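These notes concern the structure reproduced below.
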4 protein chains.
Amino acid sequence: MSNSFGKIFKISTYGESHGLAIGVIIDGCPSGISISSEEIQKELDRRKPGQSKITTQRKENDKIKILSGVYNGLTTGMPISLQIKNKNQKSSDYKHISNSFRPSHADFTYEKKYGARDYRGGGRSSARETANWVAAGAIAKKFLNSLDININAYVSKVGKCQIDIDYKKLDFSKIESNIVRCPDNNFANKFIKIIDNARKNKDTIGGIITCVIKGCPVGIGEPIFNKLHAELGKAMLSINAVKGFEYGSGFKGVEMFGSKHNDKFQINNGKVSTKSNFSGGIQGGISNGEDIYFKVAFKPVSTIMKKQKSINNDNKEVIIQGKGRHDPCVVPRAVPIVESMAANVITDLYLQSQ
Amino acid sequence: MSNSFGKIFKISTYGESHGLAIGVIIDGCPSGISISSEEIQKELDRRKPGQSKITTQRKENDKIKILSGVYNGLTTGMPISLQIKNKNQKSSDYKHISNSFRPSHADFTYEKKYGARDYRGGGRSSARETANWVAAGAIAKKFLNSLDININAYVSKVGKCQIDIDYKKLDFSKIESNIVRCPDNNFANKFIKIIDNARKNKDTIGGIITCVIKGCPVGIGEPIFNKLHAELGKAMLSINAVKGFEYGSGFKGVEMFGSKHNDKFQINNGKVSTKSNFSGGIQGGISNGEDIYFKVAFKPVSTIMKKQKSINNDNKEVIIQGKGRHDPCVVPRAVPIVESMAANVITDLYLQSQ
Amino acid sequence: MSNSFGKIFKISTYGESHGLAIGVIIDGCPSGISISSEEIQKELDRRKPGQSKITTQRKENDKIKILSGVYNGLTTGMPISLQIKNKNQKSSDYKHISNSFRPSHADFTYEKKYGARDYRGGGRSSARETANWVAAGAIAKKFLNSLDININAYVSKVGKCQIDIDYKKLDFSKIESNIVRCPDNNFANKFIKIIDNARKNKDTIGGIITCVIKGCPVGIGEPIFNKLHAELGKAMLSINAVKGFEYGSGFKGVEMFGSKHNDKFQINNGKVSTKSNFSGGIQGGISNGEDIYFKVAFKPVSTIMKKQKSINNDNKEVIIQGKGRHDPCVVPRAVPIVESMAANVITDLYLQSQ
Amino acid sequence: MSNSFGKIFKISTYGESHGLAIGVIIDGCPSGISISSEEIQKELDRRKPGQSKITTQRKENDKIKILSGVYNGLTTGMPISLQIKNKNQKSSDYKHISNSFRPSHADFTYEKKYGARDYRGGGRSSARETANWVAAGAIAKKFLNSLDININAYVSKVGKCQIDIDYKKLDFSKIESNIVRCPDNNFANKFIKIIDNARKNKDTIGGIITCVIKGCPVGIGEPIFNKLHAELGKAMLSINAVKGFEYGSGFKGVEMFGSKHNDKFQINNGKVSTKSNFSGGIQGGISNGEDIYFKVAFKPVSTIMKKQKSINNDNKEVIIQGKGRHDPCVVPRAVPIVESMAANVITDLYLQSQ
């Protein structure tokens, strides 16, 4: 396995969905950053289950505890250990998959790769792991905010319904004003309805999250192999259920001519910028000072409440039906995850560039 | 900078576009693999400039030399040093950008990040670097072939014209039968025409490459953070001009319901497989034995033969015009690059899983 | 900071001496290894304070808890999180050094490097950290024992008194039979007396630990830069208070002629071995199948009960006197630490060689 | 294998003793450092064979070539590729060991670990590799000199003859004034005589090199696991023929009492220093501003001109006799190697601490 991410600001995680606890160690966080468990908790609460009618109804309180690395409210430069004890697991909800493999889940591949497997709640393959990332990301965000670097993500597509407004015309302060985390209320309502319909049909649906990073200075990113967008892409593709990543002009950019796609430089009051930003704020793997923006595609959640044919570990056919409490669509709760992983990446590359 | 890729099968590269030489060291290649410089050269020739009317007309012979790690035709387990001497550079073609920044190139960000800059041919930011990746990939491919793992990539979209045939119905043996590297001759001709038109208009155009990996056994990929698709994504996003990556159902998958998207297991003659493959051969970051397939989006090349406004290092406006010999579309020559980076990733993760 | 050790069997640690808890994550432990918290506890008890009259009289129960990575008594291949809650700290014993620097301690350098500092109990620089290493080492030992690789360390010198018996003539089963951990009772008594005298004089004294690894197969160690002895050396030099490392003939070997120092091969019953073993079981950085043996030098503990002149953070002279409960000599409790770090190294390199 | 060293200032090496070339890539060297191939060559000439009557009489010109990363005499921040073509190899001198194993060499362990083996000149296990380290170290030294950090090593013991003068009383400017590289002419003559006698007896002898680093600022070194002395130790133990490493009081320190061993702080003109320096300039793994000093023990060279019994790959006994041209004692030529590896370590940790 490989449970560490980052080079300087490095996070290492552990924990199974229904084990005793999950947690993350941050090694390489600069000293002198003010941080409290309340600030971390606030981010975790944006990710927590049971927050609205369009998320899973599981209740996980996810109370964060800082075990090391912070003294008198300041980071000390020592490894920061953050821990969440597991509570309210209903492991009995998973007995039926102790020997069976849910379609499009990691049950089958984990069993074949590792043999001994903690199947309860999906074990280590559960998206519960992402709570660790959000906890670490809360500290990264705190660090970046002190540098006036701000990261905002929002839901921009659910099913076939896609927002048709440029991100520059959206008011990010409204992202948290609705339960689907979309800054445009009109589209928010459409998204909520689509998700709710899927839920009523015992089905699930996919979506897209757009993320915008403002204030990143010129020079962040380490070519050749740790390019800024390659690190962002890897981080996003690490999130459960993600199937695609694009930045700047993305897949649409392939249809353009170079003469149109090129971002011309301009100088205003002695400051260099570009007139367009198809580059997405990154050239040659290094930030150029413009907004960095990218999109992340999430597939529909695999666990559905309908009956499905599947197989068990003895290669016999079985019928499987989702029990318990699951999300009909992952994107509303994935917004803070996308932001946090982006924050972890930018912090790490920022520190590498010093 | 960060010029190494991989954990066990690790490649480290060097070299500027117009310096004395470029090269790659492969550390961690198993001993006992039969390899010759001719086999590496064959892959390099697929990438080399000047190979057809729709690529740059630069002549770079790119002769590979094996300096270490191979003895009596077999790898010895020692680091393999591969080197290509630079020839036929026309550095004078680049004098005009010694102090100016080409739009949407890495000139500006490299200058701001590193200061002292070898501008000739784009220096280290040039796509010439990818010759190193193809050279390493030729050895990775040799290793994978001995395990019956095969990797094929082809051009599936140019501009707005996209192939509408499932990859399973294409004959990969025809990929090299035309200059654009598309296994369907009908679409190949369309693609060539679009590229040729762009070239005649002194412009450039983007495209998409699809890659298919067959024969990968169950169990390759290292969750949580080195998931198979995350490593593939990072590798692809490292390639010059890439703006997006998706695997399996990709961005289209967000529009689907879970009940449709889930890949049901089936058993044929005691062998487990899935009826559909929206997962793209990967579940939980680990290969499940099905075909792995993904798409890579390339933007239009930045260097165009038209005049463009730009700025120089003194923040003055200048007029820039592409000189020399450049590709009107990058995808025909990028096919072996995509294959090679995929081979480097699979080899590395395969060795990690042993 | 850099709080991780190892490449495949990788340990990452956290925790300050007087914080809430200390802990270690092991990433890369193979699945299917039988392990219980009792087995880990047994090793920790060999390291724990207060175990005899010649160690510190602090009482630290150091109860280990397995938080993840073990299910039904077997490792699962997932990261193993081990945690020890801190109890019985007397932070008041350290008030006097909140703004002063103890001579030959890390107080001064941590203050200058990190600024914000948790001075209580030495914070992160405390040897309490080594409990994490012993916990991880208990699992590594379990793995190695299944391969018939056994590691034994013992005290071979205290002050000027050095054992003059070859390790091959010692009975390692007697190491735990006395409080100083020396398999020869005669020398054990001498060592105990020396330490006890130092303690009575409110002083401290140094010592040497010898470690022997038996059963290591041929081929372990990764030249050029992760040579077996270089990794062992780095691991030992990471232990608090260590000033030197030598293996095989060591510093004495420099006085020998090559004709004498060379270990001649011999064949017994078709099995290759060497007549002498000045190489210490390692040639070219790779194990050759002979016993691996090395020595580790520990300086006298810095905290003494006598008054000492020192300085504070305002560059003023102060008088400092050790309070609390400290070891008069570190080596009796360091024996399991040396063994554990050796086990961590051998396990990691063994897995790298597969 | 593992052929890379360092985290930020990272060197990756390749090449067999009798292959086409050896070389090193430096990744992570800051931009803007003035460097010429002549400056690198000067360091290499201190290491080169055939420099005096007490070294091997092989003639290896070892001409360094800079292939990348330097433009207009300045480093550009891009990877620096340095290469030495192999010349004057007499591979026929090694035919006799193509199937036999020289005692106390790496022949046996490399054969068993890797199988296919380039035996010529010892292949990859040859100390010829250290020329790469000296080449990289020349650039590291250049960087450190600009920070007023200076590194000097010298021979302090040969066979049983040890210099009895404190390093502070030696004039390092005289190190290069004699062929054995000892700043005291009296001891230099003794050392030369001992080596010459060994050579005349067709034998070899060991020695010790002392290294002193002056001007290192407070705060260099990354606890817990990349402590300054642990990194130095690992680097030194990577050098061929090294059997031991100690810093500060070293193995002698174990005999001391804490009250004597503790380095008391003092303040002179507002500057903090310590009265004694048994710590060797390092506390808690971090430099404290005092001189850093350490000793490295080298065993006698394994290749002797006398006949020795040995075995071959078929487990048959054979008689082996050193042919060709070998060093009777490694320390005179190892002085620049010790300095270079120290420079590589300090540069890497310095950059990590920024």
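The values are calculated or read from the model by the stated rules, or taken from the named source; none is laboratory data. Predicted model only: the values in this text are computed from it and were never measured. Ideal geometry is used to build each Cβ from the backbone, glycine not excepted, and the neighbour counts take in all protein chains shown. Heavy atoms of the whole protein, side chains included, go into the accessibility calculation; ligands, DNA and RNA do not. Shrake-Rupley method; radii C 1.70, N 1.55, O 1.52, S 1.80 Å.
Could you compute the net charge surrounding B:Leu44? Neighbours are other residues with a C-beta less than 12 Å from the C-beta of B:Leu44; K and R count +1, D and E count -1.
Once positives and negatives cancel, what remains is +2.
Considering only protein heavy atoms, with the full assembly of protein chains and a 1.4 angstrom probe, order B:Tyr94, D:Tyr154 by accessible area, largest first.
B:Tyr94, D:Tyr154
Give the A-C buried accessible area in Å², both sides summed, 1.4 Å probe, nearest 100.
About 2900 Å² of accessible surface is lost on pairing.
Identify all aspartates and glutamates with a Cα-Cα distance to D:Lys174 below 14 Å; exclude those on the same chain that are fewer than 8 residues away in sequence.
Straight-line reach from D:Lys174, under 14 Å: D:Asp184.
Over segment A:4-352, calculate the relative contact order: mean separation of alpha carbon pairs under 8 Å at least 6 apart, over the residue count, as a percent.
The normalised contact order for segment A:4-352 reaches 23 percent.
In Å², what does the accessible area per residue of chain B work out to with a 1.4 Å probe?
Per residue, chain B has an accessible area of 33 Å².
Two-decimal Rg/Rh of segment B:283-348 from alpha-carbon positions, Kirkwood Rh?
Looking at segment B:283-348, the ratio lands at 1.21.
In square angstrom, rounded to the nearest 10, how much accessible surface does A:Ile163 have for a 1.4 Å probe?
Per-residue accessible area (A:Ile163): approximately 20 Å².
What residues does segment C:24-47 have that are buried by at least 50 Å² of accessible area in the full protein assembly compared to the chain on its own, 1.4 angstrom probe?
Relative to the lone chain, where solvent access is computed with a 1.4 Å probe, segment C:24-47 loses at least 50 Å² at C:Ile25, C:Asp27.
Return the single residue from A:Val180, A:Val212, A:Val318 with maximal mean-square fluctuation; model: Gaussian network over chain A, springs between Cα atoms under 10 Å.
Checking each option, the largest mean-square fluctuation is seen for A:Val318.
Suppose accessible area is computed on protein heavy atoms with a 1.4 Å probe; arrange D:Tyr167, C:Tyr293 from highest to lowest.
Ranking D:Tyr167, C:Tyr293 by accessible area, largest first, yields C:Tyr293, D:Tyr167.
Let me confirm one metric for peptide B:283-291, namely the mean number of other chain beta-carbon atoms within 10 Å of its residues' beta-carbons.
Mean partner shielding for this stretch: 6.
Taking the full set of protein chains and a 1.4 angstrom probe, give the accessible area of C:Phe257 in square angstrom, rounded to the nearest 10.
Approximately 90 Å² of C:Phe257 is accessible to the 1.4 Å probe.
Among all lysine pairs in segment C:274-317 that are eight or more places apart or on different chains, how many have alpha carbons less than 24 angstrom apart?
5
Straight-line reach from B:Lys141: which aspartates and glutamates have Cα under 12 Å away, leaving out those fewer than 8 places along the same chain?
Filter leaves B:Glu39, B:Glu43, B:Glu339, B:Asp348.
Does segment C:205-354 come out rounded, prolate or oblate, given a ≥ b ≥ c as the square roots of the eigenvalues of its C-alpha gyration tensor, rounded meaning a/c under 1.5 and, failing that, prolate meaning a/b above b/c?
prolate
Could you pull out every residue, at least 5 positions away or on a different chain, whose amide H is within less than 5 Å of the one on B:Gln266? Hs are placed 1.01 Å off N in the peptide plane, and Pro or chain starts have none.
Hits under the 5 Å cutoff: B:Ser273, B:Thr274, B:Lys275.
Which order do D:Asp166, B:Asp107 take when ranked by solvent-accessible area (1.4 Å probe, heavy atoms of all protein chains), largest first?
Ranked from most to least accessible, the order is D:Asp166, B:Asp107.
Compare A:Thr75, A:Thr109, A:Thr130 in a GNM of chain A, Cα atoms joined below 10 Å, and give the one with the largest fluctuation.
Taking springs between Cα atoms under 10 Å, the residue moving most is A:Thr109.
Taking 7 Å along the Cα-to-C-beta vector as the label spot, tell me the C:Lys252-C:Asn72 distance in nanometres, rounded to one decimal.
In this crude label model, C:Lys252 to C:Asn72 measures out at 5.2 nm.
Grab the other residues whose beta carbon is less than 10 angstrom from that of C:Asn226, score K and R as +1, D and E as -1, and report the net.
+1
Hey, what do the phi angles of segment C:151-161 turn into as Karplus ³J(HN,Hα) couplings, whole Hz, using 6.51/-1.76/1.60 and θ = phi - 60°, x for Gly and Pro?
Here the 3J(HN,Hα) series is 10, 10, 10, 7, 7, 10, 7, 9, x, 9, 8 Hz.
Counting Lys and Arg as +1 and Asp and Glu as -1, each charge on the Cβ, what is the dipole of the protein assembly as shown about the Cα centre in debye, to the nearest 20?
Charge dipole of the protein assembly as shown: 0 debye, to the nearest 20.
Say we join alpha carbon atoms closer than 10 Å with springs in a Gaussian network model of chain A; which of A:Lys174, A:Lys112, A:Lys142 then has the biggest fluctuation?
Sorting by GNM fluctuation, first place goes to A:Lys112.
Specify whether the C-alpha gyration tensor of segment C:83-209 places it in the rounded, prolate or oblate class, a ≥ b ≥ c being the square roots of the eigenvalues: rounded for a/c under 1.5, otherwise prolate if a/b is larger than b/c and oblate if not.
Cα axes put segment C:83-209 in the oblate bin.
Considering amide H positions built from the backbone, and no H for Pro or chain starts, which residues 5 or more places from B:Leu67, or on another chain, come under 5 Å of its amide H?
B:Ser81, B:Leu82, B:Gln83
Let me know the whole percent of all Cα-Cα pairs from segment C:4-352 that are separated by more than 35 Å.
When every Cα pair of segment C:4-352 is considered, 25 percent fall beyond 35 Å.
In nm, to one decimal, how far is the A:Asn313 label point from the B:Lys160 one, both placed 7 Å along Cα→Cβ?
Going by the 7 Å Cα→Cβ label model, 5.5 nm.
For segment A:264-278, take each phi angle, set θ = phi - 60°, evaluate the Karplus expression 6.51 cos²θ - 1.76 cosθ + 1.60, and give the result in whole Hz per residue in order, putting x for glycine and proline.
5, 6, 9, 10, 10, 6, x, 9, 7, 8, 10, 5, 9, 9, 5
Can you send over the carbon and sulfur percentage of the accessible area for segment D:4-352, probe radius 1.4 Å, protein chains only?
47 percent
Going toward the positive end of the dipole of segment D:231-354, with +1 on Lys and Arg Cβ and -1 on Asp and Glu Cβ, which of D:Ala241, D:His261, D:Gln352 do you reach last?
D:Ala241
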